[in-house]
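Novice: Got a structure for you, questions after.
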Amino acid sequence: MKKIFISSNCITGGLASFFQLIFNNYEVIPFPTSWFNDNKKLSIFKDSLKKTELWITNYEKQITEQYDVKTFHIPNIVFRAFHPDLINAQKIDGSYLSPVQSRIAIWSFINQIETKQAVKLFNKNSFEELGYYDEWKMSRIKLESQFLNSDLSEDDFMKFYLSIKRRGIFMHSHNHPKIETIVQLGKIIAEKLKISKLPYDREIKLHDGLQHFICPVYPDIANELSLEGSYIWRIQEGKEIHGVLSYLNYLYKYYEKNEITYRCIKLQEDSEVLDKTLGQFLN
């Protein structure tokens, strides 16, 4: 049986499940990009590529050109407009904190602000001054750029974008699409590859492997987008945290448990901007 490899980030599993469902004459093998850091897995992957019909990946072309296999490049699906407060926080040593966290919460922790005080920072005025309400336009531009830098076209982007936009909140977090979003991307790719005759408008339901970690669309941000929001976080295999204060308490305890002090964390931006913007809401 012919083989197709799928290599991407967190959407690898969802795409592989979708393609295995519709590509009946192929064995679809997921190989997340994170596995490229494992020499043993990478060696197996290189050997397997020799017998592979197609490699679908979000890797840059200068990397995939090193391998002798037909390659189809796909976009990264990142869209910050629903969750503009999320950041991939780093420690001073360059390693990342897990899970993805609130920019406002991290600034509060670094500045040693008590959680009951930090709650005040989650308001519509601070969101506006931080530019959260303006994120949609930039998110759309960046997503389109991802498509244009892949083997998909502007028409493909518009078909994908209009389809997922009609669904309301189509992301679990800024870089975790809902399964319906992944399926729509899969349909666009399948249509482009002409491997399957699947009707584009056919409804396909798959298990959502990313729903264990869901960040809320804050109510004030949701209101700007004519959507329904909440302050409910889902973390660690489905555990839910309700309310900003509970989330801040959880985060501070997480830092304490992992011996992370305010001196260990750095923000990937000009902290003076945050100091000026957020500091005024504590007076």
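Novice: Does residue 19 satisfy being of a type in the set (Phe, Trp, Tyr) and in contact with a Phe, Trp or Tyr (Cβ under 6 Å, 6 or more places away or on another chain)?
Specialist: no
Novice: Take the residues in segment 1-30 that are part of a loop (DSSP other than H, G, I, E, B) and surrounded by fewer than 23 Cβ atoms within 10 Å (Cβ to Cβ); name whichever of them is farthest from the chain's Cα centre (by Cα).
Specialist: Per the criteria, the residue is 1.
Novice: What number of residues within segment 225-235 satisfy the criterion of being touching a residue at least 12 places away in the same chain (Cβ under 8 Å) and not in a strand (DSSP E or B)? Explain how you work it out, then say what you get.
Specialist: Going through segment 225-235, the residues touching a residue at least 12 places away in the same chain (Cβ under 8 Å) turn out to be 225, 227, 229-235.
Okay, now just the ones that are also not in a strand (DSSP E or B), so 225, 227, 229-231.
Count: 5.
Novice: Then there's this: Being of a type in the set (Lys, Arg) and free of Cβ contacts under 8 Å to residues at least 24 places away in the same chain is the filter; apply it to segment 141-171 and report the residue that is nearest to residue 80 (Cα to Cα).
Specialist: Across segment 141-171, the extreme among qualifying residues is 165.
Novice: Just name the residue that is surrounded by the fewest Cβ atoms within 10 Å (Cβ to Cβ) out of those in segment 126-139 that are assigned to a helix (DSSP H, G or I) and in contact with a helix residue (DSSP H, G or I) (Cβ under 7 Å, 6 or more places away or on another chain).
Specialist: Taking the candidates together, the pick is 129.
Novice: List the pairs whose first member sits in segment 239-263 and is outside any loop (DSSP other than H, G, I, E, B), whose second member is among the charged types (D, E, K, R), and whose Cβ atoms are under 6 Å apart, counting only residues at least 6 apart or on separate chains?
Specialist: From segment 239-263, the pairs are 240/234.
Novice: I've got another one for you. Quickly run through segment 11-65 and pick out the residues that are under 28 Å from residue 178 (Cβ atoms), in contact (Cβ under 8 Å) with a residue 24 or more places away in the chain and of a type in the set (Asp, Glu).
Specialist: 27
Novice: Let me ask something else about it. So how many residues does segment 31-41 have that are surrounded by fewer than 15 Cβ atoms within 10 Å (Cβ to Cβ) and within 22 Å of the chain's Cα centre (by Cα)?
Specialist: 3
Novice: Within the set of pairs 6 or more residues apart or between chains, which connect a residue that is over 11 Å from residue 10 (Cβ atoms) inside segment 174-185 to a residue that is surrounded by fewer than 24 Cβ atoms within 10 Å (Cβ to Cβ) and of a type in the set (Gly, Ala, Ser) with Cβ atoms less than 6 Å apart?
Specialist: 184/163
Novice: Still on this model: Can you tell me which residue among 119, 78, 100 is more than 24 Å from the chain's Cα centre (by Cα) and of a type in the set (Val, Ile, Thr)?
Specialist: Details: 78 fails: more than 24 Å from the chain's Cα centre (by Cα); 100 fails: more than 24 Å from the chain's Cα centre (by Cα).
119 is the lone residue from the list that is more than 24 Å from the chain's Cα centre (by Cα) and of a type in the set (Val, Ile, Thr).
Novice: Further question: Condition test on residue 202, is it free of Cβ contacts under 8 Å to residues at least 12 places away in the same chain and either buried (at least 19 other Cβ atoms within 10 Å of the Cβ) or basic (Lys, Arg) (or both)?
Specialist: It is true that residue 202 is free of Cβ contacts under 8 Å to residues at least 12 places away in the same chain and either buried (at least 19 other Cβ atoms within 10 Å of the Cβ) or basic (Lys, Arg) (or both).
Novice: Something else about it: Would you call residue 231 out of contact with any Cys (no Cβ under 6 Å at 6 or more places or on another chain), within 24 Å of residue 112 (Cα to Cα) and modelled with pLDDT under 95?
Specialist: Here the answer is no, as residue 231 does not meet what is asked.
Novice: Here's something else I'd like to know. Go through segment 264-281 and give me each residue that's crowded, with 16+ Cβ neighbours inside 10 Å and part of a loop (DSSP other than H, G, I, E, B).
Specialist: 264
Novice: Report, by residue number, each residue of segment 240-271 that is at pLDDT 90 or above and touching a strand residue (DSSP E or B) at 6+ places or on another chain (Cβ under 6 Å).
Specialist: Residues satisfying the conditions are 240, 241, 242, 247, 250.
Novice: Test residue 86 against the stated conditions and say whether it is surrounded by fewer than 21 Cβ atoms within 10 Å (Cβ to Cβ), out of contact with any Leu (no Cβ under 8 Å at 6 or more places or on another chain) and closer than 13 Å to residue 251 by Cα.
Specialist: No.
The values are calculated or read from the model by the stated rules, or taken from the named source; none is laboratory data. Bear in mind that the values here come from a model prediction, so they are computed numbers and not experimental data. Heads up, the Cβs are rebuilt from the backbone with ideal geometry, glycines too, and the neighbour counts pull from every protein chain shown.
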